[in-house]
Amino acid sequence: MQSENKLGVMPISKLIWNMSLPIIASMLVQALYNIVDSVFVSRVSEQALTAVSLAFPAQNLMIGLATGTAVGVNALMGRALGAGLRQRADKVANNGVFLALVGFVLSAILGATCSDLFFRSQTQIEDIIRMGNGYLRIVTIGSVGMFCQIMYERLLQGTGRSLLSMYTQGLGAIINIILDPIFIFALNMGVAGAAIATVIGQLCGCTLAIWFNHKKNTDITLSVKGFRPDFRLIGEIYAIGLPSVIMVAIGSVMTFLMNKILITYHTAHETAATAFGAYFKLNSFIFMPVFGLNNGVVPIVAYNYGAQNRRRMVETIKRGALYASCIMVFGTILFWAIPGPLLKIFDASDTLLSVGIPALRIISLSFCMAGACIALGSSFQALGKSVYSMITSIVRQLVFLIPIAYVLARYGASVGNSDLVWWSYPIAEVFSLTLTLCFFRHVYKTTIAPLPEGRE
C-alpha cells in the first residue's frame with residue numbers, strides 16, 4: 001500500500017518532514033487558537049486570565065489522557081501495518097475509538113463533580129473561582145469532540161496521512177477564533193464564552209476527522225458493527241500509552257503545585273501564577289513544532305521496527321533529534337530577545353511584565369535540553385518503551401523541579417529575589433537529559449542494535 005511504501009522506502013529526511021510538517025502546522029494552529037483564547041480572556045480582566053491559567057492543569061490532564069491513549073494506538077497500529085497485519089491494525093484502531101469515548105465519560109464526570117474543589121484548593125478569590133469553575137465544567141462536559149478528534153487524527157497520522165489531520169485541526173482552530181469574540185464580548189458570556197467556542201471548534205474538527213477516516217483512509221477499516229472491546233489489546237495499548245498519560249498527569253500535578261508555590265511565596269502572588277500561565281501559552285509555539293516532529297517520527301520508527309529495518313530507524317532518530325534541537329535554539333533566542341512584546345500580547349500590566357520577563361528568559365535556558373529529551377522519547381514510544389519517558393518525567397518534575405522550586409521560592413522570598421524560583425527549570429532539565437541519555441543507550445543496545453541492518 002502507498003502509505004506503507006512511503007514509511008518504508010522514502011528518503012528519511014524527506015519522510016520526516018513529509019510526515020511532520022502537516023502535524024507541526026496543525027499544532028501551531030492549535031497553539032495559536034489557545035493563545036487567542038487567552039488574549040480575548042485577558043481583555044475581560046487579569047483575574048479572568050488567572051482563572052484560565054489555574055484551569056490549565058486539569059485541562060492538560062484531560063488532553064494527556066487523550067493523547068497518551070492515541071500514542072499507544074498509533075504505535076501498535078504502525079507495527080501491525082509494517083508487519084502486514086491488516087486485521088490487527090483494524091482491531092487496534094476500533095479499540096482506540098472506544099477508549100476515546102471512555103475517556104470523555106470519565107472527564108465529564110470529574111469535571112462536573114470536582115471543578116469547584118479544584119479551584120478552591122488553589123485560591124480564595126471568589127471571582128477567580130467562579131470564572132474558572134464555569135470554564136472548566138464546560139470544557140470537560142463538552143470534551144467528546146476533543147477526545148475523538150485527537151484519536152481520529154492520530155489514526156490519519158499513523159497511516160501516513162498527516163496532511164488530512166492538519167485540515168481537521170485547522171478547521172477547529174478557525175471556528176474557535178471566529179467564535180471567541182462573539183461569545184466572549186458580543187454575547188457578554190466572558191470566560192464561559194471562551195470555553196463554549198473551544199468545545200464547538202473541537203466538535204467541528206472531530207466531525208471532519210471522522211469523515212476523513214471513513215472516506216480517505218484505506219489502510220484501516222473502522223466499524224461499530226459487531227464491535228466488542230478487546231481487553232487484552234487494550235492492555236497492550238496502555239502498556240505503551242499509559243506512561244505518556246502518567247507523564248502528562250505528572251505535568252499537571254507539577255503545574256498545580258507550582259501555582260501553589262508561586263501564589264504562596266512569590267511577592268506578586270496570583271500575578272506570578274498568571275505569568276506562569278502566560279509562559280505556558282507562549283512556549284506552545286516552541287514546543288508544538290517539536291511535539292509535531294515527534295508525532296511524525298513515531299510512526300516511521302514503529303513501522304520500520306515492524307519491518308525489522310535498523311538503518312532507517314537509527315537515521316530517523318538521529319535526524320529527529322537534530323531538527324528538534326534547532327527548533328529549541330530558535331525558541332531560546334526568541335524568549336531572550338523579545339519577552340516584553342510577547343507578554344504584551346496578553347495586555348500585560350507593568351506588574352505582570354516585571355514578573356514575566358525574567359520568567360521567560362530563565363526558563364527558556366532549559367529548552368535545548370528539553371528538546372533532546374522529547375526527540376529521544378519518540379523512540380521510546382515507538383518501541384513500546386514509554387515507561388522510560390515516564391520515569392524521566394517523574395524524576396524531573398516531582399523529584400527535582402518542584403522541590404527545587406519550593407526551596408528557591410522560600411529562599412527568594414527571604415532575600416527579596418522571587419525570580420530565583422524560575423531557575424528550578426534549567427536545573428531540573430540537566431538531570432532529565434542525563435537520565436534520558438542513559439535510558440536511550442540501554443534501549444539501543446537491547447532493542448535496536450540486535451535488529452537486521454536493513455536497506456535505506
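The values are calculated or read from the model by the stated rules, or taken from the named source; none is laboratory data. Computed from a predicted model, the values in this text were never measured in an experiment. Because the Cβ atoms are built from the backbone with ideal geometry, glycine has one as well, and the counts that use them run over all protein chains shown.
Counting the residues of the stretch 377-395 that are surrounded by fewer than 24 Cβ atoms within 10 Å (Cβ to Cβ) and under 18 Å from ILE286 (Cα atoms) gives 0.
Against the list (1) over 24 Å from LEU293 (Cβ atoms); (2) at pLDDT below 95, the condition SER162 fails is (1). For beta carbons closer than 6 Å, sequence separation of 6+ or different chains, a first residue in the stretch 144-160 that is in contact (Cβ under 8 Å) with a residue 24 or more places away in the chain and a second that is not in a helix (DSSP H, G or I) and not β-branched (Val, Ile, Thr), the qualifying pairs are THR159/ASN217; THR159/ASP219. For residues that are farther than 20 Å from VAL29 by Cβ, in contact with a Leu (Cβ under 8 Å, 6 or more places away or on another chain) and at pLDDT 85 or above, tally how many sit in the stretch 259-278. Qualifying residue count, the stretch 259-278: 8.
Residues in the stretch 324-337 that are surrounded by 21 or more Cβ atoms within 10 Å (Cβ to Cβ) and over 18 Å from the mean Cα position of the chain (by Cα): PHE335 only. Screening ASP180 against (1) among the charged types (D, E, K, R); (2) without any contact (Cβ under 8 Å) to a residue 60 or more places away in the chain; (3) assigned to a helix (DSSP H, G or I) leaves a single unmet condition, (2). Assess whether ALA302 counts as being over 15 Å from LEU21 (Cα atoms), part of a helix (DSSP H, G or I), modelled with pLDDT under 85 and not acidic (Asp, Glu). The answer is yes for ALA302.
Among the conditions (1) surrounded by fewer than 20 Cβ atoms within 10 Å (Cβ to Cβ); (2) more than 28 Å from SER378 (Cα to Cα), ILE210 misses just one, which is (2).
Looking only at residues in the stretch 132-188 that are in contact with a Leu (Cβ under 9 Å, 6 or more places away or on another chain), under 13 Å from LEU208 (Cα atoms) and among the β-branched types (Val, Ile, Thr), the one that is surrounded by the most Cβ atoms within 10 Å (Cβ to Cβ) is THR168. Here the condition is being assigned to a loop (DSSP other than H, G, I, E, B), aromatic (Phe, Trp, Tyr) and either closer than 22 Å to PHE98 by Cα or in contact (Cβ under 8 Å) with a residue 40 or more places away in the chain (or both); of PHE227, PHE212, it holds for PHE227 alone. The helices (runs of 4 or more DSSP H) located wholly in the stretch 36-154 that include 2 or more residues which are out of contact with any Ser or Thr (no Cβ under 7 Å at 6 or more places or on another chain), at pLDDT below 90 and under 16 Å from GLN202 (Cα atoms) occupy 46-82.
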